[in-house]
Amino acid sequence: MSDNGRRYAPKDATPRSQNSREFKLNLSEDQLNHTDELEDLQGYAGSRAPQRVEESSAGARSARAERNQKKEAKEHKKRNRVKARKNKRIFAFTWLAMVILVSLTLASYLIGGSNDFLGVDRTDSEVEVTIPENVTQEQLTDILYKSHAIDKPEFFSLFCKFTTEMEYFEPGTYTIKTNYDYKQLVNTLQSGPDLGEEITVMFREGITVQQLAALLEENGLHTADEILEACNSSDYDSYSDVAAITNTSDRYYKLEGYLFPDTYQFFENDTVESILDRFLNNFENKLTDEMRDDIAKSGYTTDQIITLASIIQAEAADTEDMYKISAVLHNRLESGAEHDIYTLDCDSTVYYPYKTANDAPEGFVSSYSTYDNNGLPAGPICNPGLEAIKAAIYPSTSDECRNAYYFCHDSNGKAYYASTMDEHLMNMAEAGLL
C-alpha cells in the first residue's frame, strides 16, 4: 500500500495518552467561605479563566447566604421545639402538682366529713344541749356545733336535709356523748330527753308565786330563784292572757295569778319552761269560752277579774263566802264612791308579796295595799282556784249582799256582812275583833 493511500485521523481525535491526567478541584463549603483561598485558586488557575472565577465567587456568596439563612431558620426552629418541649414539661408538672394538691385537699376534707359522720376522732365526753320547740335545721346544727357534739356543721346540715324530718325533734335538755355518729345523735334527740323519775306535787288554791317556787325547790325541781326569775320574764308572752298584761313594771311577779293551782306530775329533769308551761296551759283550759264571754260583758278585763279573784281567794272562809265577798268588792268598786268608800281595805293585800308582817322585811310597804290605793292593786296577790274566779265573774245577788260594803270573819271563819260602817263595827265586836 502506498503512503498516499493512508488515512490520517484528526489530531484532536487522537486518544489521550495513558499518562495524561485529568485535573479536578474539590473544595469544601468552608473553603468556599474564605476569599483568601479563592484568590489562591484563582492564582492557581492562572490567567486562563479570571472572569469565570469572579462569577463563581459571586454565585458562591449568594448560595452561602441562602444556605446560612436556611441553616439559621432551621436552628431557630430547633431551638423553638426544644423550648416548647421544655415548657410543655413545666406546664405538665405544674398541672400535675395542682391536681395532686386539690385532690389531697378534697380527700382530706371528705375524710374529715366522713369521720365526723361516723363520730371518729371525737373525744369521748358528755355535753348538755337544749333543743327549743319547733327547732329548725340551722338552729339544730348551730346548737350541736357550739356544744362540740359535731365538728363539721356543713356535713351534719346536709345529712339532716336528705335524711331527717325536723318536726320529730323533741324539745328539752339532753345529755349526749360527743362521739355519737349522726344517726345516733338524731335518734337520741328525736326520742325525747331523759326526764328521770316522776314527781307529783300538789299546789293549794291561793298559793303565791314565792310559795310555789319554794315548793318546787323542795321537790328537787330547780331552785326557787330560777322559778322566780322565769316568772318575771317575757318568755311566756305566747299565752294571750299573759301577753295582755300592760303594767309589768308595776308588778312584783308577772305570772302571779296565772299559775293555776292543781296537782301536777313533773319529772326530775323537767326544764323551768316546761314546768311553768303546765301551769299556764292549765289556766287557759280552765277559763271556758262562756266565762271569757261573760268577763267581756262585765266591763272588766280578764286581768282585773283574776286580780279580784285572788283577793276573794285570800279573804273568803269557804266557797259560799267567795260569792258574797265578791258582791261586797263589786259594790265598793262600782258604787262605793256614793258612800264615801274609795278603797277595798283588804288585809290580804297589805304585805304582798309576803303573807304576813313577820314574812316581810322590816319597814316594808307594799305597793299593792288596798288601804293606801284606790281600786284594785296592780295585779293578783296569789293564784286563785276556779271557784274564786267564777265568784269574781258571778258575784252573789242575795239580799244579804246586794247592798253590802263591809265584811269580816270571826276566829272560826264565820262571815259577817254589813251595809254601813255602824253595822260593820257591831259585826266586828260580835266576831271578837274589837
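Just a few scattered comments:
- Exceedance of the 30 Å cut-off in Cα-Cα distance is limited, within the set Lys177/Lys286; Lys297/Lys414; Lys355/Lys390; Lys146/Lys254; Lys254/Lys414; Lys161/Lys254, to Lys177/Lys286; Lys297/Lys414; Lys146/Lys254; Lys254/Lys414; Lys161/Lys254.
- Of the chymotrypsin sites (Phe, Trp or Tyr not before Pro) in the range 351-434, those whose Cβ has at most 15 other Cβ within 10 Å and which sit in DSSP loop: Phe364, Tyr371
- Spin-label model, Glu423 to Lys161: label points 7 Å out along the Cα-to-beta-carbon direction sit 7.8 nm apart.
- Potential lengthening between Ser62 and Ile199 on full extension [0.36 nm per residue; Cα-Cα distance subtracted]: 37.6 nm
- Inter-centroid distance (Cα atoms) of the range 348-376 relative to the range 135-207, Å: 45 Å
- Most to least packed among 230-238, 247-255 [average Cβ atoms within 10 Å]: 247-255, 230-238
- Local electrostatic count at Ile305 - Lys and Arg +1, Asp and Glu -1, tallied over other residues with Cβ under 11 Å: -1
- Sites Thr397 and Tyr168, calculated FRET efficiency, Cβ-Cβ separation with R0 51 Å, nearest 0.05: 0.40
- Partner aspartates and glutamates for Lys70 [C-alpha distance under 19 Å; skip if fewer than 8 residues away on the same chain]: Glu29, Asp30
- Those lysines that a straight Cα-Cα span of less than 21 Å connects to Lys86, excepting residues fewer than 8 apart in one chain: Lys74, Lys77, Lys78
- Gained length - Ala84 relative to Asp410, 0.36 nm times residue gap less alpha-carbon distance: 105.7 nm
- Ranked from largest to smallest solvent-accessible area, with a 1.4 Å probe on the protein heavy atoms, His330, His409 come out as His409, His330.
- Cβ-defined net charge surrounding Gln190, 11 Å radius [Lys, Arg +1; Asp, Glu -1]: -2
- Normalising by residue count, the range 175-254 has a Cα convex hull of 161 Å³ per residue.
- Probe 1.4 Å - accessible area at Arg61, Å² to nearest ten: 120 Å²
The values are calculated or read from the model by the stated rules, or taken from the named source; none is laboratory data. None of these values were measured; they are calculated from a predicted model. Ideal geometry is used to build each Cβ from the backbone, glycine not excepted, and the neighbour counts take in all protein chains shown. Ligands, DNA and RNA are stripped out before the accessible areas are found, and what is left, the full protein with its side chains, is counted by its heavy atoms. Shrake-Rupley method; radii C 1.70, N 1.55, O 1.52, S 1.80 Å.
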